[in-house]
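Here is the structure we will look at.
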Amino acid sequence: MASPRKQGGHFLWVAILWIVLTVAGEWLVLSTNLIPGAAAEEAQIVDSAFRLLTILAVPVMAFVLAALLYSVLRFRSRAMPEQDGPALPATRRVVGGWLAITSALSIYVIINPGLIGLAELHDLAHRNVDLVVQVEGQRWQWQVTYPEHDVKTHEELVLPLGKHVRFDITSVDVLHSFWVPAFRMKIDAVPGQVTSVWVTPNQVGTAEQDHQLRLVCAELCGLGHTIMAMPVRVVEPPEFDTWIAGARQQ
Ligand SMILES: [Cu+2]
């Protein structure tokens, strides 16, 4: 077995490598934006949770990488070793420390962003609803109904900017899943049941401008699953009123 002094040297090198990788990783996370464009108030809560989880994950991953890289480089053997090295004894300090740190991190992310994020989404959802949209999934297309306006369409989902929308979702055949990536909100479309999701669009746009503005199916539902998509268009409220009046006459 290595002497304690030699072991201390190994730990020092791993610690230095860990710090370097952590700083580089955090810099990468904070300076780049890999999250696609968002177009709803709810998306901000989801995105900030994602960002926080990534920031917390960097030192954990950097630690594993540092230990792995150092071990692979420092203890490499050019020839096939004839026998296993000495067993590594587990000390109470290492096991206890590992348990304490991982438990604390897990409990922290369950509370924030877990429970706190859910509570924020819940508060947003239960404001006054401005518009109800019924969505029906069927292999392999979506049907959208505006019950207050007597409008039904398979063409596109048009939504007014800044209005709080409740989607009532169901399916007529198999399980589908309602998902507009730019809104970050997703829920299953279940035959015989109505599930609801709340969205407040906060960015005007069309599917041509932003590929994330599409209502897609997120539950594998058969051969046509990948083509089960409908363009989404978020417009100013007066433009929405004009559109819905025109759609009603058709
Ligand atoms: Cu599907």
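The values are calculated or read from the model by the stated rules, or taken from the named source; none is laboratory data. Being a predicted model, the structure only gives us computed values, none of them experimental. Heads up, the Cβs are rebuilt from the backbone with ideal geometry, glycines too, and the neighbour counts pull from every protein chain shown. Side chains included, ligands, DNA and RNA excluded: accessible areas come from the protein's heavy atoms. Shrake-Rupley method; radii C 1.70, N 1.55, O 1.52, S 1.80 Å.
Looking only at trypsin sites (Lys or Arg not before Pro) in DSSP loops with at most 12 other Cβ atoms within 10 Å, what is the longest site-free stretch of the chain?
The answer is 128-250.
Compute the angle between helix 92-109 and the longest alpha-carbon principal axis of the chain, please, reported from 0 to 90 degrees and rounded to the nearest 10.
10
Using the heavy atoms of the protein chains alone and a 1.4 angstrom probe, what is the accessible area of region 127-211 per residue in square angstrom?
Accessible surface, normalised per residue, equals 47 Å².
Dipole size in debye (nearest 20) for the chain around its Cα centre, Lys and Arg Cβ +1, Asp and Glu Cβ -1?
Taking the Cα centre of the chain as origin, the dipole is about 1680 debye.
Quick one, can you get me the convex hull of the C-alpha atoms of region 131-249 expressed as volume per residue in Å³?
Looking at region 131-249, the number lands at 91 Å³ per residue.
Report the extension gain between Q83 and V95 in nm, rounded to one decimal, defined as 0.36 nm multiplied by the number of residues separating them, less their alpha carbon distance.
Residue separation times 0.36 nm, minus the Cα-Cα distance, leaves 1.7 nm.
Among the GluC sites (Glu not before Pro) within region 16-104, which fall in a DSSP loop and have no more than 10 other Cβ atoms within 10 Å of their own Cβ?
When the GluC sites (Glu not before Pro) of region 16-104 are filtered for loop state and at most 10 Cβ neighbours within 10 Å, E82 remain.
So which GluC sites (Glu not before Pro) in region 195-245 pass both tests, a DSSP loop state and at most 11 other Cβ atoms within 10 Å of the Cβ?
Answer in residue order: E208.
Counting only protein heavy atoms and using a 1.4 Å probe, what share of the accessible area of the chain belongs to carbon plus sulfur, as a whole percent?
63
Got a sec? Charge dipole of the chain, +1 on Cβ for Lys and Arg, -1 for Asp and Glu; which of P147, I45, W98 is way out at the positive end?
Farthest along the dipole direction, towards plus: W98.
Using only Cα atoms, find the angle between the long axis of helix 4-31 and the longest principal axis of the chain, and express it within 0 to 90 degrees, rounded to the nearest 10.
That helix lies at roughly 20 degrees to the long axis.
What's the angle, to the nearest 10 degrees (0 to 90), between helix 116-125's Cα axis and the longest principal axis of the chain?
Helix 116-125 and the main axis of the chain meet at about 0 degrees.
Which residue fluctuates most in the GNM of the chain (Cα springs below 10 Å): V180, V29, V46?
Evaluated over the chain, the most mobile residue of the options is V29.
If each DSSP helix of 4+ residues adds -39,500 (n - 2.57) and the sum is divided by the residues in the chain, what number results at 222 nm, nearest 500 deg cm²/dmol?
-14000 deg cm²/dmol
Just from the alpha-carbon atoms, what are the Rg and Dmax of the chain in angstroms?
Here Rg and the maximum Cα pair distance are 25.8, 86 Å.
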